[in-house]
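In what follows, a structure is listed as structure tokens, so that the remarks can point back to it.
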Amino acid sequence: MTIQQLLEQIAALSLPVRIESNGAVRVGDSRVTLEIVLEAFLQGETPEQVVQSYPTLNLADVCCLYAHYSVNRQLFEKYLEASRQQSESVREMIESAYPTEDLRERIKQKRA
């Protein structure tokens, strides 16, 4: 299942999220991503702790996401895994385009 298909299923749950044109999934009216809130949940943070860490979030939105995650765990876990794989793919692409192995040495040479 593609990340887009997973997002469509998540959006069908009527969650307090919005999908931006660049593919980022934001919670409520904030700029905080769905991944950040879900990872906080997986790390055992309470909704109150998440809102304290990200004050632009609405407590009701975070509670709603936690409740839906509890009921739809498999869907959200698939989404998180697809998101991680996509991030890893982008990181590898950037690193291959801009190698950093000898970066320190190249900087020294340019300064000399």
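Mind listing whichever residues of segment 4-22 are in contact (Cβ under 8 Å) with a residue 12 or more places away in the chain, open to solvent by less than 50 Å² (accessible area, probe 1.4 Å) and within 13 Å of the chain's Cα centre (by Cα)? Those that are in contact (Cβ under 8 Å) with a residue 12 or more places away in the chain, open to solvent by less than 50 Å² (accessible area, probe 1.4 Å) and within 13 Å of the chain's Cα centre (by Cα): Leu7, Val17.
Exactly one residue out of Ala40, Ala97, Ala24 is touching a strand residue (DSSP E or B) at 6+ places or on another chain (Cβ under 7 Å) and not hydroxyl-bearing (Ser, Thr, Tyr): that is Ala24.
Does Leu57 satisfy the criteria of being outside any helix (DSSP H, G or I) and within 16 Å of the chain's Cα centre (by Cα)?
yes
Candidates Ser14, Ser87, Ser83: the one that is of a type in the set (Gly, Ala, Ser) and either part of a loop (DSSP other than H, G, I, E, B) or at positive phi (or both) is Ser14.
The set of residues from segment 42-52 being assigned to a helix (DSSP H, G or I) and exposed (fewer than 13 other Cβ atoms within 10 Å of the Cβ) comprises Leu42, Glu48, Gln52.
The values are calculated or read from the model by the stated rules, or taken from the named source; none is laboratory data. All figures in this text were calculated on a predicted structure; none of them were measured in a lab. Every residue, glycine among them, receives a Cβ derived from its backbone with ideal geometry; neighbour counts consider all protein chains shown. In case anyone asks, the SASA skips ligands and DNA or RNA and just uses the protein heavy atoms, side chains included. Shrake-Rupley method; radii C 1.70, N 1.55, O 1.52, S 1.80 Å.
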